[in-house]
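Beneath this line is the structure, given in structure tokens, with notes to follow.
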Amino acid sequence: MPHRIEIGLKKGLRDALGEKTKQRVQEELGLTLQDVRTVDVYTLDIDLSSSELELLAQGPFCDPVAQNYSIDRPLADDFDWLIEVGLRPGVTDNVGRTAREAAGLCIGRVLRQGEKIYASRQYLFKGGLARTDVEQVVVRILANTLIQRYTIVPAEEFDRQRGLGVSVPRVTGEGHVGVEEINLDISDQELMGLSRQRLLALNLDEMQALQGYFKGRDVITKREIRGLSSAVTDVELESIAQTWSEHCKHKIFNAIIEYTDPGGKRQVIESLFDTYIKASTEEIRTKLGQRDWCVSVFKDNAGVIAWDENYNLVFKVETHNSPSALDPYGGALTGIVGVNRDTLGTGKAAKLIYNTDIFCFAPPFYAKELPPRILHPRRIFEGVREGVEHGGNKSGIPTVNGSIVFDERFLGKPLVYCGTGGIIPRKILGEPSEEKTTRPGDRIVMTGGRIGKDGIHGATFSSEELHEGSPVTAVQIGDPITQKRMSDFILAARSRGLYRCITDNGAGGLSSSVGETAEFSNGCELDLQKAPLKYSGLQPWEILVSEAQERMTFAVPPDKIDAFLQLAAQMAVEATDLGVYTDSGYFHVRYGDRTVAYLDMDFLHAGLPPMRLKATWTPPDFVEPDFAVPEDLNSILNQMLARLNICSKEYVVRQYDHEVQGGSVIKPLCGLHDDGPSDAAVIRPVLDSMQGVVVSHGICPRYSDIDTYHMMACAIDEALRNYICVGGSLEGVAGLDNFCWCDPVASEKTPDGEYKLAQLVRANMALFDYTTAYMIPCISGKDSMKNDYMIGDHKISIPPTVLFSLIGRIDDVRKSQTMDAKAAGDLVYVLGITRNELGGSEYFALHDFIGAAVPKVDAAQALTLYQSLHEAFQKGLVRSCHDCSDGGLGVSLAETAFSGGLGMEVDLGSVPAEGLSRDDYLLFSESQSRFVITVSPQKKGAFEDCLQGRACAQIGTVSDTSQFIVRGLHGSTIINTDIYELKESWQRTLRF
Amino acid sequence: MQKVKALVVTGNGTNCEMEMAHACRLGGADVVDIVHIYQLLSGEKKLDDYHFLNLPGGFLDGDDLGSAKANAIRLRYAGTPQGESLFEQICRFVHKGKLILGICNGFQLLVKLGLIPALAGSITQEATLTFNDSGRFEDRWVYLKLNTNSPCVFTCDLQKLYLPVRHGEGKFIPADEQVLQTLQRHNLIVAQYSDPKYKRPVMDYPLNPNGSMEAIAGICDQTGRVFGMMPHAEAFLHFTNHPRWTRENIPAEGQGVALFRNAVEYIRKNL
């Protein structure tokens, strides 16, 4: 018989979670509650004696000092509304899993497969809310009905003896496990119907290629030998759909594109990826010759570069947008632990040393009506923040760098970029660590979590816009602890040489991980019946494509398999031998004795016909706005600092562990009060070395409205500027490009597809031009191409967005710097030229304009400036360095001053500028490649010598008052305010 | 001279083992082993072979049942080939005059196992560490005023520390008034959150980051050899760890090293 154990706080103790809930209800819904208390509930679907129940309640579940418990009777008392929230059947229940493990230890027996514990939570509300209000609170704040179920009971209906009664959210299997055969000898229309109905996300060309393959005489004969008909099995169909999905194959980046420019000139581009991204890296590597620091690019789960004589660095950035739109917490949590596995599974396995997080949201203060199925941006913000908090903190990986970009169009889909860096010895047991392979005879072993229905169709789902039928099962919840255990195991197995190949199970699950690693040996034979399941009733195709988390796939040489499995068992990591790599040329999948998929490896991986697309570039017709210079620039500066894209993000940063692993050098927050906005991160992953790893990024989607070419150029420049700001070395730097686009394929749903594709082409052109100019090889990247929302006639497309991330080194971290002004009397310099470039700027956005003059990057000039500035860092001449980006010089100067707790007096007349006559434009232009720097007066001469010939001018001094004073182009004081007032404006917006 | 052997336990969600081991080395330990808990449970490694047990920070079992709770259960109930639980081995370790340091999650573990403050003689839980008043996990640096009259061997010559906290469950609550009074009377409250001048313990957020009673950040047992605290001493081993190293004159050695050096010196002299 199942039981319920309830755990509540002792009287008189503060219920922090309850108070936080009460506060959120007030802030987000404007509803006032008198009191909120919480009760933790464990539902035990285990046969237990009453003494065992007592032992469990007292032992693992109740803290004797702070809590009390009850068994099979309710604790709830003195409330107006009782709300209980638990997970739906089959959703990953981390607390339940830990509870089960502890329970087994306590009662001293191994629990059977079906014996489980389920966790849920009660909220006890006091305060006169109407039922409709309580329901609002539940669906807006407490529960996500996609993954959670809830009960609401008013006090007068509550049974004080029985409570809610025991209900067990057990997954009830459908019983019959079978394989369906689907006849492909059907019309084109029926083919497309099949693709839609099964969420295959394949187009007609692709469906026809599939049809053609199954008609082949040789194919039919070979299938007969395996006991298969000429009809495709559901296992094969799903496997092909995953392998061929936009998500896995990057069909748009590999398409043949006919690009037409405004002059009517046509150009055929065979693969954007090959033409611009790969070609750039190849060109740079050739130029670098002996100095080339790239080790492994574009072929593994993540890119690898050289760092010092003993170690290489690994970096990968992923997006997890679609799942985060549906379930922000689970989506983001899975995003971070998912990218962890990418880096972990690179080469022979890397140790993870940092995470980065960059989010794009609609404004959290959004007050208009929400379209169907869209969650409120504040909820997305909070859910994503918490998901990454749990994913990152619990994995013991510091979150060192990130940002949040706001734009109303991210209502359509939020963007959640998660990156993970790793470090790996250059050689492991004498072999280059970046090399991996599989050989015929190697065992296919899966480790980590079990397989459930979670995450089925994730790859195909993210290859579509968010629509009415977007599948619930595409959402999943990560389990950082199961993954941490597995990571510990992997590093132990690595040092003993227990495997030949490792890769993660991400999109497409086993289908992708085994399918891809089987390319080395040229075949595999996999038995799905051996796969460990969370619950029974999964169909073979579901087992193959499930994206259940925390799993890695290994190729283990036959003589190592026993040692591998034994070590895994000791370290409490589940590992299962699922079959063998072969050289048969076939992707062969069995379920027990029965063959359920038998596909030619060449067809599976190369049978996909390239897409043919058209792109036409018509520059948008924007004009420069016409408005008078505002009279009160004090107020304007405060308004600029308060803008969502500029204001302090400390609320988020503080809740991420940014210094675990003990190597933090430049933290995300800096300055006198530890609250200034650092430009980039520096860490020391090897604690007895002074060499550092530098991490930065650039992202500026607003410029896409004018021209994605310059958006891309600015993102690259911003990343590099931030990198230079902390002393990063130009030697040894590498880039990662992460494209998030709205659907660029022209169709009925997307009539402007040719324009959107032209935007994509132009961004790629800039990527080539600027990475080659700066000598930043791209080593890895990803694209997410369907970031649209479409329900009924309502379509929201995100602005084309590229996150450009950098990883590199600083030879001696002691030469690094932060952005805060350090001492009164120091000299304030501006580096780089300010131009009339306010198109797409925050300043124009403040006045509701877009403008036309988008910032452009002069790479040749910028590079010489960066080289000189780096030399000044090396000589120790820089006392603070801050980049100018959103909000330009005005914002950068103010941040430098208030982060240092010091005043500043500057003269705009001295700023190196071209074509500017307005004070406001000079203050807020977003021209690229600029810095605000402070230098000690003693170092003035040496600094200026270093910057000889570069755009560089002293514009003022740091003062020991708290006054921030700016003199305008005509000599009069245009801003005179207190730094703490500026700081308050900057901090207030997101002080949640 | 006797070789000082330090053990840093990891596994099941612990994540500060690398820097804690580094701290032991900087503190002068001759042998420092990072040992996975499975190696102790399987008997591959033996606690008895070491002098200094380090329980680092992290999220043991995800803190799913409350911080460090599930691991406390594991240590008490999981058997070893020697036929005794790890908990019994740890008790013997303490009894033999050896040293234990628990930081953050390690502190939570010590408290939930009842190894500190261990006032009653019998080892039962007499205090707890629960959710911060803010309801949030936070990473921020705190000022710690140390009790110079405490028997704690780790902090014997120290008056103050500046270290980061990184936790969501750091609010210290004693089981009752009597426990608190005994802690005070025996000077077992080793570290308290304080104002930036280290003058007085503070209850104000964020200087007191979690609302701990009596601003308690760390306590020890009556021997002074078992010590736990929330702030991360192992996170400040080098001056570049200090959040304001670019603007203040910070000594090359981080403040956290002293605790480990004191431990190693104590072992050399006494064991």
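The values are calculated or read from the model by the stated rules, or taken from the named source; none is laboratory data. Keep in mind the model is a prediction, meaning the values are calculated, not measured. Glycine gets a Cβ as well: all are built from the backbone with ideal geometry, and neighbour counts include every protein chain shown.
Here are some notes:
- Where helices (runs of 4 or more DSSP H) fall entirely within the stretch A:204-306, those with at least 3 residues that are under 29 Å from the mean Cα position of the chain (by Cα) and at pLDDT 95 or above are at A:279-288.
- No other residue among A:Gln148, A:Gln197, A:Gln189 is at pLDDT below 90, within 30 Å of A:Ile240 (Cβ to Cβ) and out of contact with any Phe, Trp or Tyr (no Cβ under 8 Å at 6 or more places or on another chain) apart from A:Gln197.
- Among the residues making up the stretch B:7-27, those that are more than 18 Å from A:Thr98 (Cβ to Cβ) and within 7 Å of chain A (Cβ to nearest Cβ) are B:Cys16, B:Met18, B:Glu19, B:His22.
- The number of residues in the stretch B:117-141 that are more than 7 Å from chain A (Cβ to nearest Cβ) and surrounded by fewer than 19 Cβ atoms within 10 Å (Cβ to Cβ) comes to 5.
- Restricting the first member to the stretch A:601-620 and to residues that are of a type in the set (Ser, Thr, Tyr), and the second to residues that are assigned to a loop (DSSP other than H, G, I, E, B), the beta-carbon pairs closer than 7 Å and six or more apart or on different chains are A:Thr618/A:Pro262.
- Identity of the residue in the stretch A:743-796, modelled with pLDDT under 95 and of a type in the set (A, V, I, L, M, F, W, C), that ends up farthest from A:Ala862 (Cα to Cα): A:Ile791
- Within the stretch B:17-64, the set of residues being in contact (Cβ under 8 Å) with a residue 60 or more places away in the chain and out of contact with any strand residue (DSSP E or B) (no Cβ under 9 Å at 6 or more places or on another chain) comprises B:Glu19, B:Gly28, B:Asp63.
- Condition met for A:Gly30 (away from chain B (no Cβ under 14 Å), without any contact (Cβ under 8 Å) to a residue 24 or more places away in the chain and under 34 Å from the mean Cα position of the chain (by Cα)): yes
- Exactly one residue out of B:Pro243, B:Pro196 is within 14 Å of another protein chain (Cβ to nearest Cβ), under 30 Å from A:Asp826 (Cα atoms) and touching an Asp or Glu at 6+ places or on another chain (Cβ under 6 Å): that is B:Pro243.
- Residue within the stretch B:164-181 that is away from chain A (no Cβ under 12 Å), buried (at least 23 other Cβ atoms within 10 Å of the Cβ), modelled with pLDDT of 95 or more and over 23 Å from B:Lys269 (Cα atoms) present: no
- In the stretch B:149-163, the residue that is surrounded by the most Cβ atoms within 10 Å (Cβ to Cβ) out of those that are in contact with a Leu (Cβ under 8 Å, 6 or more places away or on another chain) and free of Cβ contacts under 8 Å to residues at least 40 places away in the same chain is B:Lys160.
- Counting only strands (runs of 3 or more DSSP E) that fall entirely inside the stretch B:1-110 and contain at least 3 residues that are within 22 Å of A:Gln483 (Cβ to Cβ), the qualifying elements are B:5-10, B:31-36.
- For the stretch A:180-238, a residue qualifies if it is basic (Lys, Arg) and within 17 Å of A:Ala597 (Cβ to Cβ), and the qualifying residues are A:Arg198, A:Lys222, A:Arg223, A:Arg226.
- Only one entry in A:Phe554, A:Phe564 is closer than 26 Å to B:Gln39 by Cα and crowded, with 24+ Cβ neighbours inside 10 Å, namely A:Phe554.
- Hits in the stretch A:103-139 (condition: in a helix (DSSP H, G or I) and touching a helix residue (DSSP H, G or I) at 6+ places or on another chain (Cβ under 7 Å)): A:Ala103, A:Leu105, A:Cys106, A:Ile107, A:Gln136, A:Val137
- A:Met640 vs. criteria touching a helix residue (DSSP H, G or I) at 6+ places or on another chain (Cβ under 9 Å), surrounded by 15 or more Cβ atoms within 10 Å (Cβ to Cβ) and within 30 Å of A:Asp848 (Cβ to Cβ): yes
- Filter result (assigned to a helix (DSSP H, G or I) and either more than 14 Å from chain B (Cβ to nearest Cβ) or of a type in the set (Ser, Thr, Tyr) (or both)) within the stretch A:339-391: A:Val339, A:Arg341, A:Asp342, A:Thr343, A:Leu344, A:Pro377, A:Arg378, A:Arg379, A:Ile380, A:Phe381, A:Gly383, A:Val384
- Qualifying residue in the stretch A:389-406 (condition: in contact (Cβ under 8 Å) with a residue 40 or more places away in the chain, farther than 21 Å from A:Lys667 by Cβ and not hydrophobic (A, V, I, L, M, F, W, C)): no
- Qualifying residue in the stretch B:213-222 (condition: surrounded by 17 or more Cβ atoms within 10 Å (Cβ to Cβ), charged (D, E, K, R) and within 14 Å of another protein chain (Cβ to nearest Cβ)): no
- Across the stretch A:351-385, the qualifying residues are those that are more than 13 Å from the chain's Cα centre (by Cα) and among the acidic types (Asp, Glu), and the one among them that is farthest from A:Thr334 (Cα to Cα) is A:Glu369.
- Any hit, the stretch A:10-20, residues being assigned by TED's automatic domain parsing to the domain that holds A:Gly86, in contact with a strand residue (DSSP E or B) (Cβ under 6 Å, 6 or more places away or on another chain) and in a helix (DSSP H, G or I): yes
- Inclusion of A:Asp407 among residues that are more than 25 Å from A:Thr482 (Cα to Cα) and more than 14 Å from chain B (Cβ to nearest Cβ) is warranted.
- Scanning the stretch A:733-791 for residues that are surrounded by 22 or more Cβ atoms within 10 Å (Cβ to Cβ) and part of a loop (DSSP other than H, G, I, E, B) yields A:Val733, A:Trp741, A:Cys742, A:Asp743, A:Pro744, A:Ile776, A:Pro777, A:Met785, A:Lys786, A:Asn787.
- For the stretch A:921-947, a residue qualifies if it is hydroxyl-bearing (Ser, Thr, Tyr) and buried (at least 24 other Cβ atoms within 10 Å of the Cβ), and the qualifying residues are A:Ser925, A:Ser927, A:Ser929, A:Thr934.
- Verdict on A:Ala763 being within 14 Å of chain B (Cβ to nearest Cβ) and among the hydrophobic types (A, V, I, L, M, F, W, C): no
- If you go through the stretch A:86-134 and pick out every residue that is buried (at least 19 other Cβ atoms within 10 Å of the Cβ), more than 14 Å from chain B (Cβ to nearest Cβ) and in contact with a strand residue (DSSP E or B) (Cβ under 6 Å, 6 or more places away or on another chain), you end up with 6.
- Within the span defined as the stretch A:79-90, every residue fails to be part of a loop (DSSP other than H, G, I, E, B) and within 21 Å of B:Ala127 (Cα to Cα).
- Filtering the stretch A:659-681 to residues that are of a type in the set (A, V, I, L, M, F, W, C) and more than 9 Å from chain B (Cβ to nearest Cβ) leaves A:Ala680, A:Ala681.
- A:Ala76 meets all of the listed conditions (1) farther than 30 Å from A:Arg551 by Cα; (2) out of contact with any strand residue (DSSP E or B) (no Cβ under 7 Å at 6 or more places or on another chain) but one, namely (2).
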